[in-house]
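Shown next, in structure tokens, is the structure this report addresses.
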Amino acid sequence: MVATDIIDHRLIGALHIEALNRNGFDHDPARHGVVWQASTLDAIMAGRYDGDLSVGELLAHGNLGLGTLQRLDGEMLIVDGECWTIKSTGEVLRVDDATLTPFAVVVNFSATYRAHLDGPLDLPALDAELDALTPSLTSVNAIRVDGEFRDLQLRSVAAQSPPYPSLLEVTAHQTEWSLTQATGTLVGFRFPDNTAGLEVPGYHLHFISDDRQHGGHVLSATLIKGEAAVDDSNELHVELPEGIEIGQPGVGVDREAIKRAEGG
């Protein structure tokens with residue numbers, strides 16, 4: 001079922017957003033150029049940390065992405081079709097297909113734009129270079145940057161227990177750590193301004209090292225040199241858990257504070 005009747009009119013434009021119920025998400029085939037999202041930022045902000053979609057089902061819709069796991073248990077990253085989680089301890093683990101996710105974004109990645117980047121480029125400078133690769137400000141851009149990095153500031157959060165606190169409360173107690181230098185991959189998305197409530201507009205990036213020993217949500221980093229690839233899409237499909245709608249009244253939390261917690 002396509003729930004276009006509940007989509008906020010501000011979201012309708014150059015970016016085609018389709019809201020699906022659980023069955024629609026299961027049976028719609030994965031395609032290049034389509035970004036798939038499980039649940040919404042508003043739902044996570046309000047403490048909806050119980051997932052109804054398995055990682056195995058998620059991987060059927062994309063081979064690159066990010067998100068979190070059941071009960072907000074760490075930062076999740078998908079690269080080359082493999083799903084990993086970075087725990088609040090910093091431990092990096094491969095995720096079983098049966099694990100549930102309450103929030104994730106994936107794409108069947110196929111680069112539209114590529115560039116070799118020479119640094120040093122801190123995160124704002126890297127964002128600017130990625131912006132320059134993609135002329136559209138209204139599409140959803142999937143990002144992959146493979147390279148050498150320094151001065152990484154990373155974070156994760158611990159699994160929560162019911163009754164769940166809000167995301168703002170959780171990120172107030174997030175665990176942060178630093179890496180002086182690492183070779184690995186940045187994975188993430190840039191969402192346009194008109195997707196507020198579905199996502200945090202702007203860049204959302206996770207990192208994993210080539211040896212799969214380090215990673216996390218990226219708060220800051222400097223690229224020494226690397227290869228950037230961007231897949232831009234004008235289609236966003238959102239799986240809506242029961243009781244969640246797009247364009248429903250706000251949940252009463254500060255999205256600017258969320259952006260600061262996200263490193264934005």
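So, Val170, is that one of a type in the set (A, V, I, L, M, F, W, C), part of a helix (DSSP H, G or I) and either at pLDDT below 95 or in contact with a helix residue (DSSP H, G or I) (Cβ under 9 Å, 6 or more places away or on another chain) (or both) or not? Give the steps one after another, and end with the answer.
Working: of a type in the set (A, V, I, L, M, F, W, C): yes; part of a helix (DSSP H, G or I): yes; either at pLDDT below 95 or in contact with a helix residue (DSSP H, G or I) (Cβ under 9 Å, 6 or more places away or on another chain) (or both): yes.
The answer is yes for Val170.
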Residue check for Phe109: within 23 Å of His237 (Cα to Cα), among the aromatic types (Phe, Trp, Tyr) and modelled with pLDDT under 95: no
Counting only residues that are among the hydroxyl-bearing types (Ser, Thr, Tyr) and surrounded by fewer than 20 Cβ atoms within 10 Å (Cβ to Cβ), which one in segment 117-152 is modelled with the highest pLDDT? Thr134
Go over the candidates Arg114, Arg155 one by one and state the one that is charged (D, E, K, R), touching a His at 6+ places or on another chain (Cβ under 9 Å) and modelled with pLDDT of 95 or more. Arg155
Please indicate, with yes or no, whether at least one residue in segment 127-148 is part of a helix (DSSP H, G or I), of a type in the set (Gly, Ala, Ser) and either at negative phi or in contact with an Asp or Glu (Cβ under 7 Å, 6 or more places away or on another chain) (or both). yes
For a quick check of your reading of the model, give me the residue pairs whose first member lies in segment 196-217 and is within 24 Å of Leu240 (Cβ to Cβ), whose second is modelled with pLDDT under 95 and part of a strand (DSSP E or B), with beta-carbon atoms closer than 6 Å and at least 6 apart or on different chains. Glu199/Phe191; Pro201/Phe191
Exactly one of these conditions fails for Leu59: (1) in contact with a Gly (Cβ under 6 Å, 6 or more places away or on another chain); (2) within 18 Å of Val187 (Cβ to Cβ). Give me its number. (1)
Would you please name the residue that is surrounded by the fewest Cβ atoms within 10 Å (Cβ to Cβ), looking only at residues in segment 175-216 that are modelled with pLDDT of 95 or more and among the small types (Gly, Ala, Ser)? Ser178
State all residues of segment 62-121 that are under 23 Å from Tyr164 (Cβ atoms), of a type in the set (Asp, Glu) and in contact (Cβ under 8 Å) with a residue 60 or more places away in the chain; if no residue qualifies, say none. Asp73, Glu75
Among the listed residues Phe207, Phe189, identify the single one that is among the aromatic types (Phe, Trp, Tyr) and either over 16 Å from Ala132 (Cα atoms) or more than 13 Å from the chain's Cα centre (by Cα) (or both). Phe207
Given the condition touching a strand residue (DSSP E or B) at 6+ places or on another chain (Cβ under 9 Å) and surrounded by fewer than 21 Cβ atoms within 10 Å (Cβ to Cβ), answer yes or no: does some residue in segment 164-172 qualify? yes
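The values are calculated or read from the model by the stated rules, or taken from the named source; none is laboratory data. Keep in mind that this is a model prediction, so the values were computed, not measured. Glycine gets a Cβ as well: all are built from the backbone with ideal geometry, and neighbour counts include every protein chain shown.
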